[in-house]
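See below for the structure under consideration.
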Amino acid sequence: MSAATVSSGPADAREPVQRHAFESGHAQGPQAGDGLLQSGGALPFLIGATVPAGRRLLLLSGHTPPVIDPRAPPDSIAAFGDTYAQTDGTLREIERSLQRLGLGIGDLVQLRVYLVGDPAHGGRMDSEGFSRAYAQWFGTAAQPNQVVRTRMQVAGLVNPGWLVEIEALAVA
């Protein structure tokens, strides 16, 4: 991940899911397996975010992963990588778009994530791969802001090699 920009001032109020929500089986928020990554470590999760009056909202179009293997067929998963690589690459593409607009990853408040079922995971979306990449971008020492997000499995995306597409909402 490249150096992320953290907002200089509070663009919003972010409401984390409290620890008791995990322990009590709270129905809204993290579901089974979302509290901790299988690979270790906590997964940051927000229950909601608010945006103060007067702030500008920026809705970003869907972003997709860059090619990581130009020798692979352009419509293959091999050209773009697994869900982890595609999520990381897609977030890098979102970061580039935000930078062109004078914003940074820390200005994001919402992600809408579309994941295609991965043949390597029996046709199910690779939640662990997505979550590992997500946890490197949000709620870290370098970029402490988190986002609200929705993650869903879809039948397919425009390029058959894409496993990930992400729409985003930022506050300026």
Given the criteria surrounded by fewer than 15 Cβ atoms within 10 Å (Cβ to Cβ), over 16 Å from the mean Cα position of the chain (by Cα) and modelled with pLDDT of 95 or more, does Ser61 qualify? no
Checking Asp107 against (1) modelled with pLDDT under 50; (2) charged (D, E, K, R); (3) touching a strand residue (DSSP E or B) at 6+ places or on another chain (Cβ under 8 Å), the condition it does not meet: (1)
Residues being crowded, with 18+ Cβ neighbours inside 10 Å and either under 16 Å from Tyr134 (Cα atoms) or at pLDDT below 95 (or both) - total across the stretch 152-169: 6
Could you list, in sequence order, all residues of the stretch 138-156 that are of a type in the set (Val, Ile, Thr) and either within 12 Å of the chain's Cα centre (by Cα) or not in a loop (DSSP other than H, G, I, E, B) (or both)? Val147, Val148, Thr150, Val154
Counting only residues in the stretch 128-137 that are over 21 Å from Gln99 (Cβ atoms) and surrounded by fewer than 19 Cβ atoms within 10 Å (Cβ to Cβ), the one farthest from the chain's Cα centre (by Cα) is identified as Glu128
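The values are calculated or read from the model by the stated rules, or taken from the named source; none is laboratory data. Predicted model only: the values in this text are computed from it and were never measured. Every residue, glycine as well, gets a Cβ built from its backbone with ideal geometry; the counts of neighbours run over all protein chains shown.
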